[in-house]
1. Considering only the stretch A:50-63, I want to know if a residue exists there that is within 34 Å of the chain's Cα centre (by Cα), assigned to a helix (DSSP H, G or I) and not charged (D, E, K, R).
2. Going through A:Ala105, A:Ala141, A:Ala129 one at a time, which residue ends up being in contact with a strand residue (DSSP E or B) (Cβ under 6 Å, 6 or more places away or on another chain) and at pLDDT below 95?
3. B:Ser14: open to solvent by less than 60 Å² (accessible area, probe 1.4 Å), facing another protein chain (nearest Cβ under 7 Å) and farther than 16 Å from A:Ile144 by Cα, yes or no?
4. Only one of A:Val136, A:Val143, A:Val126 is touching a residue at least 40 places away in the same chain (Cβ under 8 Å), in a helix (DSSP H, G or I) and closer than 30 Å to B:Phe34 by Cα; which?
5. Could you list all residues from the stretch A:2-23 that are part of a loop (DSSP other than H, G, I, E, B) and either loosely packed, with under 14 Cβ neighbours inside 10 Å or outside the structural domain of A:Glu48 (by TED's automatic domain parsing) (or both)?
6. Scan the stretch B:37-51 for residues that are open to solvent by 30 Å² or more (accessible area, probe 1.4 Å), facing chain A (nearest Cβ under 7 Å) and in a helix (DSSP H, G or I) and jot them down.
7. Residues in the stretch A:167-175: is at least one at pLDDT 90 or above, more than 41 Å from the chain's Cα centre (by Cα) and either assigned by TED's automatic domain parsing to the domain that holds A:Lys19 or open to solvent by 70 Å² or more (accessible area, probe 1.4 Å) (or both)?
8. Kindly provide the set of residues from the stretch A:39-73 that are among the β-branched types (Val, Ile, Thr) and modelled with pLDDT of 80 or more, ordered by number.
Amino acid sequence: MSKEEFLGSLNRLLKSLGKSEREKSLSYYNEIIDDYMEDGYTEEEAVEQIGSPGQIAQEILKEQQTQMKTPMSRGMKGLIAVLLVLGFPLWGSLVLAGFCLVLSAVLLVLSAYIVIWCIPICTGAVSVAGLILSVVSMGGAAVIIFQNSAAGVIQLGVGMSSAGIFILAGLLTWILGQYFVKVTVRFSKWLAGIITGMRRKKL
Amino acid sequence: MKIRNLKKKCLIMSAVFLIIGSVLTGAGWSMADFKAENVKEEGKPKWYRTFYADEQGAWIGIQVKKGVYLLTFGGTRE
């Protein structure tokens with residue numbers, strides 16, 4: 001393996017490292033190869049003396065990891081704690097503002113859903129009220145008609161009208177329900193599109 | 001059953017019920033000589049009575065007991 005091939009291979013294997021760290025390692029091994037060549041080795045022999053690029057890259061990466069895992073000194077920890085406490089008015093308010101922003105967005109979405117479903121829920125409630133009123137009215141009219149015929153006939157009329165309202169409001173609820181399911185699905189898709197678009201932009 | 005037919009049938013049925021109901025209410029009201037006192041509830045309030053009329057006006061609803069209503073249209077009694 002030539003020096004250029006060796007360094008190229010090492011460069012590729014150390015891609016996870018920072019640029020400066022990588023260049024430091026490459027120049028170090030470049031110098032070692034040069035030293036071997038000055039001592040009378042051929043280029044291939046010098047590269048052989050160092051070892052395979054995979055092995056060397058593995059060692060470098062391992063070393064880098066142990067350096068990163070070095071525990072923080074007590075002084076540093078204390079300094080960070082003091083900075084965190086002193087900076088609380090700043091970062092605390094920012095966190096709170098962010099939380100409020102997220103909460104208001106969630107509530108806004110929730111209120112949009114409530115507004116969308118308000119109309120079919122109202123017609124549904126009218127339908128249920130009509131059903132209850134018609135059943136009670138028609139059943140009660142059978143008793144009341146013997147006590148006060150005029151009131152009984154009126155109540156029977158109220159019961160019939162309530163039955164009509166129940167059917168009409170029920171039909172309206174069904175039609176509006178179907179329509180608002182479509183609107184909700186479309187709205188949810190639009191919302192999901194916005195969120196995924198924002199994520200893609202971030203990436 | 002086709003949905004369009006069902007819608008049509010529902011509309012016709014509700015219209016029939018509303019018309020018959022209105023006619024019956026009108027007929028009952030005329031039987032009472034258009035006077036609220038003739039259809040006034042007497043004695044204890046009954047939960048199965050849904051039409052009320054007095055000097056204060058008329059309203060429709062279910063009164064479970066005095067002051068407790070299940071549903072009302074057109075106001076409640078004091």
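The values are calculated or read from the model by the stated rules, or taken from the named source; none is laboratory data. Just so it is clear, the structure is predicted and the values come from calculations on it, not from any experiment. Positions of Cβ are generated from backbone atoms using ideal geometry, with glycine treated the same way; all protein chains shown enter the neighbour counts. Remember, those area values only see protein heavy atoms, side chains included, never the ligands or the DNA or RNA. Shrake-Rupley method; radii C 1.70, N 1.55, O 1.52, S 1.80 Å.
1. yes
2. Details: A:Ala105 fails: in contact with a strand residue (DSSP E or B) (Cβ under 6 Å, 6 or more places away or on another chain); A:Ala141 fails: in contact with a strand residue (DSSP E or B) (Cβ under 6 Å, 6 or more places away or on another chain).
Of the residues listed, the single one that is in contact with a strand residue (DSSP E or B) (Cβ under 6 Å, 6 or more places away or on another chain) and at pLDDT below 95 is A:Ala129.
3. Numbers: open to solvent by less than 60 Å² (accessible area, probe 1.4 Å): yes; facing another protein chain (nearest Cβ under 7 Å): yes; farther than 16 Å from A:Ile144 by Cα: yes.
In short, yes.
4. Numbers: A:Val136 fails: touching a residue at least 40 places away in the same chain (Cβ under 8 Å); A:Val143 fails: touching a residue at least 40 places away in the same chain (Cβ under 8 Å).
Of A:Val136, A:Val143, A:Val126, the one residue that is touching a residue at least 40 places away in the same chain (Cβ under 8 Å), in a helix (DSSP H, G or I) and closer than 30 Å to B:Phe34 by Cα is A:Val126.
5. Of the residues in the stretch A:2-23, the ones part of a loop (DSSP other than H, G, I, E, B) are A:2, A:14-18.
Across the stretch A:2-23, the qualifying residues are A:Ser2, A:Lys15, A:Ser16, A:Gly18.
6. Of everything in the stretch B:37-51, just one residue is open to solvent by 30 Å² or more (accessible area, probe 1.4 Å), facing chain A (nearest Cβ under 7 Å) and in a helix (DSSP H, G or I), namely B:Asn38.
7. Here is the first cut: in the stretch A:167-175, the ones at pLDDT 90 or above are A:167-175.
Filter again for more than 41 Å from the chain's Cα centre (by Cα), leaving A:167-168.
Those left that are additionally either assigned by TED's automatic domain parsing to the domain that holds A:Lys19 or open to solvent by 70 Å² or more (accessible area, probe 1.4 Å) (or both): A:168.
Checked against the condition, which is being at pLDDT 90 or above, more than 41 Å from the chain's Cα centre (by Cα) and either assigned by TED's automatic domain parsing to the domain that holds A:Lys19 or open to solvent by 70 Å² or more (accessible area, probe 1.4 Å) (or both), the stretch A:167-175 yields at least one hit.
8. The initial filter retains those residues of the stretch A:39-73 that are among the β-branched types (Val, Ile, Thr), namely A:42, A:47, A:50, A:56, A:60, A:66, A:70.
Once the filter is applied, which keeps residues that are among the β-branched types (Val, Ile, Thr) and modelled with pLDDT of 80 or more, the stretch A:39-73 yields A:Thr42, A:Val47, A:Ile50, A:Ile56, A:Ile60.
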